[in-house]
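Readers should treat all values here as calculations from the given coordinates under stated rules, not as data from a laboratory. Everything numeric in this text was worked out from a predicted model, so none of it was measured. As a convention, Cβ positions derive from the backbone with ideal geometry for all residues, glycine included, and neighbour counts pool all protein chains shown.
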């Protein structure tokens, strides 16, 4: 004989399903089912009509969970009492296993089954008695979601220690479903009605244990629990009662505490309450007011067969490899299999804009103005909110982020979207480079490293564009394990560079220099990380070594350091030898006239300018940073020179060694033997075969299909 108690509040639809599962599981067992309704207004009269055998009591108002349970307990006389939430479904075999265990173990006061979410995930229903750390490492906390196996959470959420079969003694089990020995209730007493909702189950279990009764987690029996159906009906009241009950629990079981400790506990709970209310309100506001609405007249019928929907995000479409990369993927993916949208921010005034690439694409990018290069807490929060709304509107299968700023905002928004909407959107992030070295101080760099480590835990696949970069992220910075990182090298439309020799002479004419003038060029943003000062120091050293050679040093690009770099050249007496060209579109004609391409960066991913130069048969000299060595190949140990190394496909120098860089330039201009010809030919073939846009698109399409297959 059993007494089963269910407390209902505006969850009648769920309750009807609960009762169906309950009676379907009872089989030959005799049971009295007591439904205590706390003033529901959702057609609760259906209970009597569909289940007349239920002992139904409708309270005039919501008197709270504990009071409602106690009302029903007054009528209970069976040896075992079952508490069950209305938004639960009882699995077959539940009662046979659990009752047999309680019969065999009469010293067990309360037993809790395995509880599953609606998607089949195990809830943390068996726990240690709460401590102040529970607020940060509880089963629903952000830290636990990011690091589910951290030692604090595993010691608190005891279901993580269960083997899924063996009964386990614990501190307390969830009141969503528990079976209680009536003798224990008679000895310990009923629920403490000061707990309106929440934590009354922890209090009851604590009192049971203190009285000598065991509390056991029993994973052989199982229920499905759809969390929060009742409490979501009165969200603010629910959150208030949660925090109030936390304080009641602290007050009831803590040793006599000082006024200062009590004040700190109350203040902490108040701040936590305000934060949770604000974040919950923020989420509801975003859901209610989506900003991306497609006009009805422009809606396009989609094929019946569902395409994989990709929402791609990049911080800004400034001149460089990442912008070209996302353009090729946005335009090149198979439209029969993939539906791709791009979200981007706006560029800084000093940067060159490659947004023109998308003028010929049918679907222009979604622009979020707050998604900018500059760091601003308020703007970044607005960015996360707008990306979240975009996710609600677009409902993608995969979110693919590019560059650090977009990667941070979008992955946080994707985490919020998955958690609040119970979705499983796949998340991919591409490191085109990284900001862990050369950009900031050691302290700030370490801060960004930790952020990326956290974000990697909610990322399904991290893409790197070179093996050197992968080695850095795995072994040097410990961003993610090797099995989560996939190397997909860049891809480009290299035809303009492979055929640019037909444009020879055009750039020199534009500059007004002689045909026999040697042009040594550097192409990129005028920002600190590109370290143009080293380029100018090397230029000065080279000119001093070779005053007889007619040489111009060409700077293609623009940026925040333009004025400063011009002033530096003037101060060093280089103005007559250095030409600042600004940004140039369709720069294949530039490579046609370059004698050498130089790169002096402090940090790089895979530099686009080097790949373009190799395709155009232009010799390359570069600093040994990031993925540069992957491009230039292994060095010949027998041909290491003073300050530079001769590699398979170019010349490599150390960072900040301007003298060695000048020596490398001199070597390239003076030595024109068969090895030089072979080095340039190997570089051209390497770029052509390794960095084609078709290979890039195929690799990414395969990754997307693989992600959706799991």
Provide 583, 199 in ascending order of the number of other Cβ atoms located within 10 Å of each residue's Cβ, fewest first. 583, 199
Please work out the C-alpha center-to-center distance from the range 490-552 to the range 427-469 and express it in whole Å. 32 Å
Modelled label-to-label distance, residue 77 and residue 422, 7 Å Cα→beta-carbon offset: nm? 4.0 nm
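Taking N as the number of residues in the range 495-691, what is its alpha-carbon radius of gyration divided by 2.2 N^0.38 Å?
For the range 495-691, the normalised Cα radius of gyration comes out at 0.94.
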Using a Förster distance of 22 Å, the FRET efficiency for residue 708-residue 117 (Cβ separation, nearest 0.05): 0.50
The alpha-carbon center of the range 23-83 and that of the range 610-665 are separated, in whole Å, by 79 Å
Work out how far the C-alpha atoms of the range 306-487 reach from end to end along every principal axis, then list the three figures in whole Å, largest first. 43, 40, 34
Given the C-alpha atoms of the range 35-130, compute the convex hull and give its volume per residue in Å³. 167 Å³
Placing each pseudo-label 7 Å from Cα in the direction of the beta carbon, residue 471 and residue 271 end up separated by a distance in nanometres of 4.5 nm
Run the simple label-point estimate for residue 636 and residue 96 please: 7 Å along Cα→C-beta, distance reported in nm. 8.0 nm
If packing is taken as the mean number of other Cβ atoms within 10 Å per residue, what is the order of 476-485, 422-431, highest first? 422-431, 476-485
Tell me, Kirkwood radius of the chain from alpha-carbon pair distances, in Å? 30.0 Å
Counting other beta carbons within 10 Å of each Cβ, put 499, 459, 160 in order, fewest first. 499, 160, 459
Could you calculate the FRET efficiency of residue 23 with residue 699 from 1/(1 + (r/R0)^6), where r is the beta carbon distance between them and R0 is 56 Å, rounded to 0.05? 0.55
Report the residues of the range 553-588 in range of a label on residue 529: point 7 Å along Cα→C-beta, backbone N strictly under 17 Å from it. 557-562
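For the chain, give me the percentage of DSSP beta bridges that are antiparallel, rounded to the nearest 5 percent.
Bridges in the chain are about 25 percent antiparallel.
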If each residue of separation counts as 0.36 nm, what is the full-extension length gain between residue 182 and residue 502 once their alpha-carbon separation is subtracted? 105.8 nm
Could you state the angle between the C-alpha long axis of helix 259-288 and the longest principal axis of the C-alpha atoms of the chain, as a value from 0 to 90 degrees rounded to the nearest 10? 70 degrees
Hey, with R₀ at 35 Å, roughly what FRET efficiency would residue 30 and residue 60 work out to, going by the Cβ-Cβ distance, to 0.05? 0.65
Mean Cβ count within 10 Å, highest first, over the residues of peptides 171-181, 518-528, 12-22: 171-181, 518-528, 12-22
Which value at 222 nm does the chain reach when only helices count, each DSSP H run of 4 or more adding -39,500 (n - 2.57), with the total divided by all residues and rounded to the nearest 500 deg cm²/dmol? -12500 deg cm²/dmol
Relative to the present Cα-Cα distance, how much length would full extension add between residue 586 and residue 444 at 0.36 nm per residue of separation? 47.4 nm
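Give me the number: length gained by fully extending residue 678 to residue 453, i.e. 0.36 nm times residue separation minus the C-alpha to C-alpha distance, one decimal in nm.
Values: separation 225, 0.36 × 225 = 81.00 nm, distance 4.25 nm.
Extending this stretch completely gives an extra 76.8 nm.
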Highest mean packing first, using Cβ neighbours within 10 angstrom, the peptides 329-340, 606-617 sort as 606-617, 329-340
Least to most buried among 445, 466 (fewest other Cβ within 10 Å first): 445, 466
